1. Within the range 481-502, identify whether any single residue is of a type in the set (Lys, Arg), part of a strand (DSSP E or B) and assigned by TED's automatic domain parsing to the domain that holds LEU241, and answer yes or no.
2. Just to be sure I understand, how many residues within the range 476-502 are over 20 Å from THR80 (Cβ atoms) and under 19 Å from the mean Cα position of the chain (by Cα)?
3. Are any residues in the range 264-281 farther than 15 Å from MET462 by Cβ and either surrounded by 20 or more Cβ atoms within 10 Å (Cβ to Cβ) or among the small types (Gly, Ala, Ser) (or both), and if so, which ones?
4. Quick check: anything in the range 310-318 closer than 24 Å to PHE414 by Cβ, out of contact with any Gly (no Cβ under 7 Å at 6 or more places or on another chain), of a type outside the set (D, E, K, R) and surrounded by fewer than 17 Cβ atoms within 10 Å (Cβ to Cβ)?
5. Any residue in the range 292-300 that is crowded, with 20+ Cβ neighbours inside 10 Å and assigned to a loop (DSSP other than H, G, I, E, B)?
6. Select from the range 431-465 the residues that are outside any helix (DSSP H, G or I) and over 22 Å from VAL406 (Cβ atoms) and list them in ascending order.
7. Could you say which residue among LYS221, LYS256 is under 21 Å from GLN66 (Cα atoms), outside the structural domain of VAL406 (by TED's automatic domain parsing) and either in contact with a Gly (Cβ under 9 Å, 6 or more places away or on another chain) or without any contact (Cβ under 8 Å) to a residue 24 or more places away in the chain (or both)?
8. Using the structure shown, decide if GLN83 is more than 24 Å from ALA445 (Cα to Cα) and out of contact with any Cys (no Cβ under 9 Å at 6 or more places or on another chain).
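The values are calculated or read from the model by the stated rules, or taken from the named source; none is laboratory data. Just so you know, these numbers come straight off a predicted model, no measurement behind them. All Cβ positions, even for glycine, are placed from backbone atoms using ideal geometry, and neighbour counts span all protein chains on display.
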Amino acid sequence: MLARTLVAAAAIVATAALALTGCTGGSAGTPSSTGTPDPEASAAIRLVLEPSNLDIRQTAGAALDQILMDNVYQGLVSRTPDQKIVPALASEFTKSADGLTYTFTLREGVTFADGQKLTPDDVVWSLTQHKTQAGWADADTLSRVKSVTASGQTITITMSKPDSTLLWNLTGRAGVILKKDDKVDYKTAANGTGPFVLGSWKQGDSITFERNDAYWGTKAKVKEVVFDYIPDNQAALNAALAGEVDVLTGFDANLKDQVEAGGDFRLVLGKSTDKGTLAMNSHNTWLKDKRVRQAIRQAIDHEAVVKALGSGQPMYGPIPQLDPGYEDLSAVAPYDPAAAKQLLKDAGAHDITLTLTIYNGYGTTIPQILVSDLNAVGITLKVDAVEFPTWLNDVYINKNYDLSFVLHTEARDFENWANPDYYFTYDNPQVQRLYQQSLDATDDAQAAGYLKQAARIVSEDMAADWVYNGASVVAVGTNITGMPSVNVNERLNLAEIAKSKG
């Protein structure tokens, strides 16, 4: 699924600009304001990376999904922050027992931002375009869709074979419903069915959404939302303390005391699907040996990483807690420097040198820890911090690397471990078969079971090291309610955000 992995690669750069804020230890919940919500309020939210353009159809990058999905664009179904699939433009939906037929009831009275009515024909056209237009994001995720038809307000998707991921994929870009043959310039404008409409875009500075007063559902609770793009955390902190922003996303948990000092903000930690992954190139002379890969894993003190980053929890396998198939795999390769030294000795790997290729936007915390931990067991680690285009060309495309650290943000992306052409260089036919079986499953629990089996094999193969499960670290103004705190690096549904007076 090359198209989707290219989108995932762009998602890497979207979150690469985030401070390394560790992983989640649970959600503390957003603050509860005692003030009266102001329906005419403007809520300012700090984000990190600005999109290059607004074309949700063809422009890769998590920066677009984060703000446009749910707020401006919608599908027949959507997902909650904790990954449950719920109705959106469809008021209800069903799946046949054989997994070959999905039926959706399209809501009446829905209009696009420009006032045009949403019709069943728009749905059929949109999903057909998503499937057939190779340049559109996630087109390959609809490869098992045989047909999309409409009868009245009933939309029917017929499958050529079961696909346990279909509903999930429809909550993303592959399911976005557009107006048929719309003439909007998607790169600079937007025409969706969500609770907000695009107000303005000051490139290099901010994007403003305005409340959609013609929205089919519950109206947004603020008049506008302003996304201020401030890459640097210290600058973002200064903006918050100066009263220029109400929420800081992608924040640094180590700045908790500073942001909370005046009593106007509270730091909130939420779960996410971010995966701090140390990829190991199996084409490397030393890394071909499983014992060397295991030694690297057992040399890394995950708990110390989390402590240094200020939040979260360690991670020991390819599937995070929010995704189907998760299992605690901490016993597979526990921190044990003595065992790591013995493994290297058994492999004849004495005084070896490896290079860590890493995007320079990640900072120095992770590289410093990896250098120290690997040096302690006899591995010299050189760090090559590069610009993202260089990383993309050398690591992602050409697979020319020894080790590479990346914060992968995309939810339910286990497919990459079943793809031997992905930059991970991992090729295990049994894992690939289990992944296909998970797709073919007609029962969600069965599909998750296959993923669980496959994930354990990947971990036991020492295919990589999963250093931590990244957190959603958000500083929320005490006059703000309804701010999401889970998985906000991927999607930021602002339908419930409210701001009190004063």
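1. yes
2. 0
3. Passing the criteria: PHE265, LEU267, VAL268, LEU269, GLY270, LYS271, SER272, THR273, ASP274, LYS275, GLY276.
4. No, the range 310-318 has no match at all.
5. yes
6. ALA441, THR442, ASP443 - these are the residues of the range 431-465 that are outside any helix (DSSP H, G or I) and over 22 Å from VAL406 (Cβ atoms).
7. LYS221
8. When the stated conditions are applied, GLN83 does not pass them.
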